[in-house]
């Protein structure tokens with residue numbers, strides 16, 4: 001299950017909790033909270049596993065690019081050795097080999113940079129989601145402990161909804 005879905009469940013549980021008469025506190029079923037937290041604990045390692053998979057995939061892409069560059073260099077060296085009988089042919093082969101090597105280096109760099117950018121983007125998204133998750137859990141815990149203070153809405157949103165959970169307007 002997605003961590004963001006679990007955060008939404010936690011948000012709904014807190015938002016729909018019954019108010020304790022004559023107080024700003026609400027009653028929440030502990031077992032439901034613990035169940036959602038357990039699901040979150042089991043989901044986060046899966047997302048970390050996905051991030052590790054992305055890093056591994058990036059390393060495999062880099063290794064493949066290096067193998068391709070080595071293959072191209074090897075081919076160009078073989079070609080140069082076969083045509084070494086005439087001076088002009090040798091010079092032409094060396095120029096082509098150098099060009100192929102340069103092209104391979106450029107391609108390897110492009111692939112490596114692309115893989116690093118992609119991995120960084122995915123890890124950044126994961127980092128943002130974990131930050132939002134931790135903020136929502138902290139607010140929920142503060143609510144449960146009766147330490148909530150009204151915080152003005154910020155630009156931090158989750159699926160277009162504010163991350164902070166406000167008390168029901170009927171009980172303010």
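For the reader, a short list of remarks on this structure follows.
- Global form of region 7-56, assessed from the alpha-carbon gyration tensor, a/c cut-off 1.5: prolate
- When the Cα gyration tensor is reduced to axis lengths a ≥ b ≥ c, the ratio a/c is 1.5 or higher for region 1-84, and with a/b above b/c it is classed as prolate.
- Nearest-0.05 FRET efficiency for residue 82 and residue 44, computed from C-beta distance (R0 45 Å): 0.20
- For residue 75 and residue 102, the FRET efficiency from 1/(1 + (r/R0)^6), where r spans their Cβ atoms and R0 equals 25 Å, is about 0.95.
- Taking other C-beta atoms within 10 angstrom as a stand-in for reagent exposure, 33, 14 fall in the order 33, 14, fewest first.
- Extension gain for residue 92 to residue 64 (0.36 nm times residue separation, less C-alpha to C-alpha distance): 7.3 nm.
- Proxy reagent accessibility, fewest Cβ within 10 Å first, across 48, 122: 48, 122
Since every read-out is calculated from the coordinates, none of them should be taken as a lab result. Note that this is a predicted model, so its numbers are computed, not measured. Neighbour counts run over all protein chains shown; Cβ positions are idealised from the backbone, glycine included.
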